[in-house]
Amino acid sequence: MLVVVLLAAAVLSKEYRKSKSTTSKSKSLQKPQKSLSLNKDRKFGTWTPESFQLPVPEPFPNWDIKSTSPLPYRAFKHKYNITMGIRNMDWNSWFELDNEWTKFHEEKLKRVKQYDKKLHETGVEAVDAAYELLDEMRNYLPARYPTLFQKTNLGVKNLETGEDHKFRGSYRVYKGPGSEGEDPMLIAAKMVQDDLAVMMESDNGEYILKAGAVILPGFWKLEDKYNQTLENIHTHGDVPKFKEKLQSPMEKFFIRLTCDKAVVRNNYFLQTDEELGWSSSIGDEFGEKVGWYTADEANDISKIHLRSERQSLRRLPKSGAIVFTVRTYFIPISKLVEEPYIPRRLLNGIQSWEEDVQEYRGYTKFKDILLPYLEQKAEAQEKLGYLPEKETNAFPF
Ligand code: HEM
């Protein structure tokens, strides 16, 4: 049985890599024009609109809301290293949607009904950028996923749910918090599986979170990060080695990012419950005490999940704002360990965490149940010949 499952997983992963490389080398995708350097020597906090146009993506081959599986991101290595970990993004894949779209959408609607404004916000200064994001999504989504979205005169229609998202042309246009009209960031988040944030440059060159729809974040809250700089966002969250290793390259990267380049990065966390929206093991989402320190030790392996985010960053040409997308991939560990080489790789990765990383990632809350389980699954695979030295490196898969 184990052999059959492992073989199936190996074939799937190989097929996926094959299809991905066909997509990324495709000829029909328009090449993005080189960014004009109108803004190279800009004064911080100012932006001259550029003429860059988002390349029209190819339709995702045979995309189907029922049968297209989530991409098999397994974004862990045998040794954990703290780096920015960014790679160039293929413009085709700005937003990744799959057969979990409906589940994500329903969970988003449920949580918005429950918590509404706590989950999304667009500050007055970010309204133009948020509408620009919607316009860009209108150019991208119906072209990439034509069976799910249709361009309309005023916005985008969802062919599955019937939602008719009107961005403009209505008398109820959103002008900022407290105004009439639907928050454009909420509209954006209802179309995709991702959470979204808009970062704007201040007059001293810092990037500040000015708009967001953070609906399925698992471990953090928009209200804690809204109006905060990149530095505060990461230091208040105690991101390990942020100051030593990440802050300076990250800040430079944000200032220099041009419209014709986009990047992605992937991460992973372990979660000790099955909740996609908010990991309640670390406390009540809007309660006083939130953090791994409040969590109970996990005792049910079936509840442990891998939460892996695929994040993208790009700069919008008209407003100059940077859009940050976070797409979560959520999979039970019990399913993950069926894949070849995965139990050993994940085990090694976790065992290589330094103390600050252990603390940040809640190590003590799942180690006693997860580590022996991974060891046992790894040994079973190794008996069948799946030895780490035979594994090919296909990060982030
Ligand atoms: C190049 C860009 C970025 C890099 C290299 C980066 C890096 C990181 C790293 C290393 C972590 C720890 C978890 C992980 O491994 O991912 C983290 C956490 C986080 N990042 Fe970033 N980040 C970037 C951009 C952003 C942006 C634009 C936002 C804006 C919302 C953001 C918000 C967060 C939040 C909210 C957390 C969780 C903090 C917490 O635990 O409270 N990051 N980031």
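The values are calculated or read from the model by the stated rules, or taken from the named source; none is laboratory data. Just so you know, these numbers come straight off a predicted model, no measurement behind them. Note: ideal-geometry Cβ built from the backbone for every residue, glycine included; neighbour counts use all protein chains shown.
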* To do: Run Lys243 past the list (1) near the ligand (Cβ under 7 Å from one of its atoms); (2) part of a helix (DSSP H, G or I); (3) basic (Lys, Arg) and report the number of the one that doesn't hold.
  => (1)
* Do any residues in region 85-96 that are at pLDDT 95 or above have Cβ atoms under 7 Å from those of residues that are assigned to a helix (DSSP H, G or I) and of a type in the set (A, V, I, L, M, F, W, C), where the two are at least six apart or on different chains, and which pairs are they? -> Phe95/Leu141
* To do: Take Ile322 and decide whether it is touching a strand residue (DSSP E or B) at 6+ places or on another chain (Cβ under 9 Å) and farther than 30 Å from Glu132 by Cα.
  => no
* To do: Return the only residue of Lys365, Lys377, Lys383, Lys335 being within 16 Å of the ligand (Cβ to nearest atom), among the basic types (Lys, Arg), modelled with pLDDT of 95 or more and over 30 Å from Asp135 (Cα atoms).
  => Lys365
* **Residue list for region 255-264, restricted to those being more than 10 Å from the ligand (Cβ to nearest atom) and either assigned to a loop (DSSP other than H, G, I, E, B) or at pLDDT below 95 (or both)** => Thr258, Cys259, Asp260, Lys261
* Structure fact -> For region 228-240 the number of residues that are at pLDDT 95 or above and either more than 8 Å from the ligand (Cβ to nearest atom) or assigned to a loop (DSSP other than H, G, I, E, B) (or both) is 7
* Asked: Does Arg74 satisfy being under 19 Å from the mean Cα position of the chain (by Cα), buried (at least 20 other Cβ atoms within 10 Å of the Cβ), within 16 Å of the ligand (Cβ to nearest atom) and more than 30 Å from Gly178 (Cβ to Cβ)?
  -> yes
* **Elements of type strands (runs of 3 or more DSSP E) in region 71-182, at least 3 residues being closer than 30 Å to Gln358 by Cα** => none
* Structure fact -> In region 309-326, anything near the ligand (Cβ under 10 Å from one of its atoms), within 28 Å of Ile369 (Cβ to Cβ) and not hydrophobic (A, V, I, L, M, F, W, C) is listed as Glu309
* Structure fact -> Thr48 vs (1) polar (S, T, N, Q); (2) crowded, with 17+ Cβ neighbours inside 10 Å; (3) at pLDDT 95 or above; (4) outside any helix (DSSP H, G or I): all pass except (2)
* Among the residues of region 277-289, which ones are in contact (Cβ under 8 Å) with a residue 24 or more places away in the chain and out of contact with any Ser or Thr (no Cβ under 7 Å at 6 or more places or on another chain)? -> Gly277, Trp278, Ser279, Glu285, Phe286
* Check whether at least one residue in region 27-38 is assigned to a loop (DSSP other than H, G, I, E, B), loosely packed, with under 14 Cβ neighbours inside 10 Å and either within 16 Å of the ligand (Cβ to nearest atom) or at pLDDT 95 or above (or both), and report yes or no. => no
* Tell me, which helices (runs of 4 or more DSSP H) lie completely within region 298-396 with 3 or more residues that are free of Cβ contacts under 8 Å to residues at least 12 places away in the same chain and over 28 Å from Asp194 (Cα atoms)? -> 363-383
* To do: Kindly indicate which of Lys221, Lys225 is more than 19 Å from Asn266 (Cα to Cα), within 18 Å of the chain's Cα centre (by Cα), near the ligand (Cβ under 9 Å from one of its atoms) and in contact (Cβ under 8 Å) with a residue 60 or more places away in the chain.
  => Lys221
* Structure fact -> Going through region 205-218 in order, the residues found to be within 9 Å of the ligand (Cβ to nearest atom) and closer than 19 Å to Val239 by Cα are Tyr207, Leu209, Val214, Pro217
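The rows are residues; the columns are (1) more than 12 Å from the ligand (Cβ to nearest atom); (2) surrounded by 19 or more Cβ atoms within 10 Å (Cβ to Cβ); (3) not acidic (Asp, Glu).
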| position | (1), (2), (3) |
| --- | --- |
| Phe253 | no, no, yes |
| Asn266 | no, yes, yes |
| Phe269 | no, no, yes |
| Asp273 | yes, no, no |
| Gly277 | yes, yes, yes |
| Lys289 | yes, no, yes |
| Thr294 | yes, no, yes |
* Can you tell me how many residues in region 146-161 are farther than 15 Å from Ile187 by Cβ and out of contact with any helix residue (DSSP H, G or I) (no Cβ under 9 Å at 6 or more places or on another chain)? -> 4
* To do: Answer with yes or no whether Ser202 is more than 30 Å from Phe149 (Cα to Cα), surrounded by fewer than 23 Cβ atoms within 10 Å (Cβ to Cβ), more than 8 Å from the ligand (Cβ to nearest atom) and touching a residue at least 60 places away in the same chain (Cβ under 8 Å).
  => yes
